[in-house]
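Student: Before we start, here is the structure in question, set down as structure tokens.
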Ligand code: GTP
Ligand code: MG
């Protein structure tokens, strides 16, 4: 269809007309159909608990859901922050809830806390990425996909009564564009009423001045606008957790018992636990899920797709074409691949040349060494040869002298046997010979 046809078609589209129905048709049951479908399908809700070790995260979860989740006490010696998700199947009436509680184990325990927020941010992004990958699949099954995206982050503030720590501000700032943050003051029974009031004001002031966006209970739905507006003014909620049942009057209530009295978890004069439960579970659970999808996940998805080179329209405001974008990206990828290949080939050639030169240099050095050793060896050989010659000469001289002495000795013996009377004279001669002998024999 030509572009002009399309324009004419869209321009001539008739306005919808209102008609009255002659009787009951049945599409007024659509909301019921939706409810029934949702109930059958079940819901998932994922809570991230961020707060320092031992602040009361597990206790609050147990108190909120009125059950006992499996928990492991964290040590204060974690080398870095680690995220520990645990999923539970809960049922209330006929509604199934797949609840995941993610603990930021070891938060605030490191000496250097500069990077404490990073594992939390990475975890949240990883859940978005998993969802995006499922969405991008050709055969996707989002219907039965276990959605692990974090719907709410309960940020546990230590009840110091002073102000927020830098770690709190940095972490909340890093998380606020990725997750709905509900700040809560933990162990609120350890802070007095007047101090708590000032502490809340101080915290809100610090969040605003540092540009930290916390989750605001929505006021656009008339049914809950009023209560949500009132509750927004109570943030951050100061909570107390306990699963211990204490008898107050003639009723058993969940409370913390002290020598001086009892702090009742569900008493609004004692703490904001009921407000938190009301806002988090009974009124705004669906809004938290929706905000996660339409705001935080949408932002992640947009950035990710833009990073991958997708755009809604090109420079000339042409509508987005997946095919063209894919082709362009493919070409870009192939040329990048070629460039990298060429770069690697060049690198390889250079490396081979370098190695060749090194080997040649080594060969030259070895050759020089060999020549030098050869010269040294020849010189040594010559010296040894000379010595051998000298020794031979000395030996033959000695042999000659030895032969002469032996000849003289035999002559002398002969003479003695011939003239026995000239004994004395001969004795003298013999001693003369022996002195010659002792001098000449080395
Ligand atoms: P890790 O998981 O080890 O980081 O601890 P956690 O934050 O889960 O704390 P947990 O719920 O295990 O509670 C730690 C201690 O604090 C326990 O002794 C609780 O009884 C106590 N506690 C929990 N909630 C409160 C509270 O609201 N007030 C007071 N005073 N103590 C609390
Ligand atoms: Mg715990």
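Student: Cα-based Rg of the chain per 2.2 N^0.38 Å, rounded to two decimals?
Tutor: Values: Rg = 50.0 Å, N = 442, 2.2 N^0.38 = 22.3 Å.
In units of the 2.2 N^0.38 Å rule of thumb, it is 2.24.
Student: Can you give me the Cα centroid spacing of region 180-210 and region 232-247 in angstrom?
Tutor: 13 Å
Student: Using a 10 Å cut-off on Cβ atoms, rank the peptides 231-237, 258-264 from the highest mean neighbour count down. Intermediate results must be reported in sequence, preceding the final value.
Tutor: Details: 231-237: 18.1, 258-264: 12.1.
Result, highest mean first: 231-237, 258-264.
Student: Continuing with this model, one more query. Where is the GNM fluctuation largest for the chain (alpha-carbon springs, 10 angstrom cutoff): 78, 371, 206?
Tutor: Between 78, 371, 206, it is 371 that shows the largest mean-square fluctuation.
Student: Over the Cα atoms of region 227-379, each weighted equally, I'd like the Debye log10 I(q)/I(0) at q = 0.11 Å⁻¹, rounded to two decimals.
Tutor: Debye curve over Cα of region 227-379, log10 I(q)/I(0) at q = 0.11 Å⁻¹: -0.78.
Student: Of the listed peptides 86-97, 23-34, what is their order by residue-averaged count of other C-beta atoms within 10 Å, with the highest listed first?
Tutor: Working: 86-97: 11.6, 23-34: 8.2.
Result, highest mean Cβ count within 10 Å first: 86-97, 23-34.
Student: Between residue 308 and residue 406, what is the label-point separation in nm under the 7 Å Cα-to-beta-carbon projection?
Tutor: So the two model labels end up 11.1 nm from each other.
Student: Using a Gaussian network for the chain with springs between C-alpha atoms less than 10 Å apart, which of these wobbles most: 405, 239, 81?
Tutor: 405
Student: Measure nothing but the geometry: give the 0 to 90° angle between the long axis through the Cα atoms of 298-307 and the longest principal axis through the Cα atoms of the chain, rounded to 10°.
Tutor: Its long axis makes an angle of about 40 degrees.
Student: Mind checking the full-extension length gain between residue 290 and residue 358? Use 0.36 nm per residue of separation minus the Cα-Cα distance, one decimal, nm.
Tutor: Details: separation 68, 0.36 × 68 = 24.48 nm, distance 6.58 nm.
Full extension from residue 290 to residue 358 adds 17.9 nm.
Student: Over the Cα atoms of region 93-205, each weighted equally, I'd like the Debye log10 I(q)/I(0) at q = 0.12, 0.13 Å⁻¹, rounded to two decimals.
Tutor: Reported log10 I(q)/I(0), two decimals: -0.58, -0.65.
Student: Helix 193-209 versus the longest principal axis of the chain: what angle, 0 to 90°, nearest 10, using Cα atoms?
Tutor: That works out to roughly 70 degrees.
Student: Let me ask you something else. With springs only between Cα atoms under 10 Å, which of 22, 211, 51 fluctuates most in a Gaussian network model of the chain?
Tutor: 22
Student: Could I ask something else about it? Looking at the chain, send over the antiparallel percent of its DSSP beta bridges, to the nearest 5. Write out the running numbers ahead of the final one.
Tutor: Values: 20 of 38 bridges.
Counting DSSP beta bridges with both partners in the chain, the antiparallel share is about 55 percent.
Student: Rank-order 180-191, 372-383 by packing density, defined as the average count of other C-beta atoms within 10 Å over each peptide's residues, highest first. Provide the component values of the computation, followed by the final result.
Tutor: Details: 180-191: 22.0, 372-383: 10.0.
Highest-to-lowest ranking by the protection proxy: 180-191, 372-383.
Student: To continue, here is another question. Relative to the first principal axis of the alpha-carbon coordinates of the chain, what is the inclination of helix 166-175, with its axis defined by its Cα atoms, in degrees from 0 to 90 and to the nearest 10?
Tutor: Taking Cα atoms only, the helix is inclined about 70 degrees.
Student: Using a Debye calculation, one point per C-alpha and no hydration shell, please list log10 I(q)/I(0) for region 71-151 at q = 0.14, 0.19, 0.26 Å⁻¹ in order.
Tutor: -0.63, -0.92, -1.21
Student: Okay, next question. Treat each spin label as a single point 7 Å out from the Cα along the C-beta direction, and report the residue 336 to residue 220 distance in nm.
Tutor: Rounded to a tenth, the inter-label distance reads 3.7 nm.
Student: Report Rg(Cα)/(2.2 N^0.38 Å) for region 1-158, keeping two decimals. All intermediate terms of the calculation are to be shown ahead of the outcome.
Tutor: Details: Rg = 23.9 Å, N = 158, 2.2 N^0.38 = 15.1 Å.
Dividing the Cα radius of gyration by 2.2 N^0.38 Å gives 1.59.
Student: For every helix of n ≥ 4 consecutive DSSP H residues, a contribution of -39,500 (n - 2.57) applies; sum these over the chain, divide by its total residues, and give [θ] at 222 nm rounded to the nearest 500 deg cm²/dmol.
Tutor: Result for the chain, helices only: -17500 deg cm²/dmol.
Quick note: the coordinates plus some simple rules give every number you see, no bench work behind them. In this text, all values refer to a predicted model and were calculated from it rather than measured experimentally. Every residue, glycine among them, receives a Cβ derived from its backbone with ideal geometry; neighbour counts consider all protein chains shown.
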